[in-house]
1. Among the residues of segment 1-34, write down those that are β-branched (Val, Ile, Thr) and either touching an Asp or Glu at 6+ places or on another chain (Cβ under 7 Å) or more than 20 Å from residue 55 (Cβ to Cβ) (or both).
2. State yes or no: is residue 165 open to solvent by 40 Å² or more (accessible area, probe 1.4 Å), closer than 30 Å to residue 90 by Cβ, in contact with a helix residue (DSSP H, G or I) (Cβ under 7 Å, 6 or more places away or on another chain) and not in a helix (DSSP H, G or I)?
3. Go through (1) outside any helix (DSSP H, G or I); (2) open to solvent by less than 30 Å² (accessible area, probe 1.4 Å); (3) under 21 Å from residue 24 (Cα atoms) for residue 190 and report which single condition fails.
4. Being open to solvent by less than 20 Å² (accessible area, probe 1.4 Å) and of a type in the set (Asp, Glu) is the requirement here; does residue 185 meet it?
5. Go through 132, 82, 105, 100 for me and flag whichever is at pLDDT 95 or above, of a type in the set (Phe, Trp, Tyr) and open to solvent by 70 Å² or more (accessible area, probe 1.4 Å).
6. Of all residues in segment 136-162 being polar (S, T, N, Q) and open to solvent by less than 80 Å² (accessible area, probe 1.4 Å), which is nearest to residue 106 (Cα to Cα)?
Amino acid sequence: MYIPKANQISDRTEIVSFMKRFSFATLISAIDNVPQATHLPLTVKYDHDDIILTGHFAKANLQWKNIEEQSVLVIFSEPHAYISPKLYDKIESVPTWNYYAVHAYGKCTVLHERSQILHALEDMILAYEADYKMQWDSLSDSFKDKMLNGIVPFTMTVTDLQASQKLSQNKTTLEQERIIKHLAESNDSSVRITGEYMESNIKKNSGLKTR
């Protein structure tokens with residue numbers, strides 16, 4: 001991913017926190033040199049120093065068949081917001097877009113054993129709706145097996161992590177404050193969250209400067 005130096009993030013804790021918050025991601029691989037993409041929820045965990053992503057394909061989605069043979073890219077995106085030139089000091093300014101995005105590259109392992117598949121699925125239940133686990137536990141094994149037979153879970157060990165925050169870092173403090181105020185007034189939650197990340201980034205950088 002092209003990342004200007006001012007927008008680059010190296011704090012893995014911050015990046016993983018973002019990945020967990022916006023965990024409905026896009027997994028990209030290639031079949032016969034043709035890019036393929038699937039949009040799917042993931043769990044994001046640490047295994048010692050490794051970052052492990054876990055998810056599952058529908059078995060009918062043939063993308064799963066060759067993900068072990070190549071390096072796979074997973075894109076975590078959101079939030080983002082249009083930034084009007086009206087918010088800048090100079091009249092000779094152009095529109096732009098603020099956003100936060102993470103690209104995670106890695107190697108995938110398809111899970112075949114029933115116990116592995118069940119564990120991966122139950123981990124996802126606990127991550128997204130822990131209260132549903134009690135209902136899931138009460139379901140019959142025959143029903144669960146039908147569900148498990150229709151999916152192909154996998155894990156991915158992240159080998160390269162790239163993150164970009166484009167949050168008007170090249171603008172003056174007054175311009176940034178003006179942009180944050182404008183984004184906070186939006187009816188679009190993604191736009192408001194972009195403003196929140198801008199504000200958090202300013203506070204973080206201010207803290208670094210005072211140390």
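The values are calculated or read from the model by the stated rules, or taken from the named source; none is laboratory data. Remember, it's a predicted structure, so these values are computed and weren't measured experimentally. Here the Cβ is made from the backbone with ideal geometry for all residues, glycine too, and neighbour counts use every protein chain on show. Quick note on the areas: whole protein, heavy atoms, side chains included, nothing else; ligands and nucleic acids left out. Shrake-Rupley method; radii C 1.70, N 1.55, O 1.52, S 1.80 Å.
1. 3, 9, 13, 34, listed by residue number.
2. No, not satisfied.
3. All conditions are met except number (1).
4. So residue 185 fails the test.
5. Of 132, 82, 105, 100, the one residue that is at pLDDT 95 or above, of a type in the set (Phe, Trp, Tyr) and open to solvent by 70 Å² or more (accessible area, probe 1.4 Å) is 82.
6. 157
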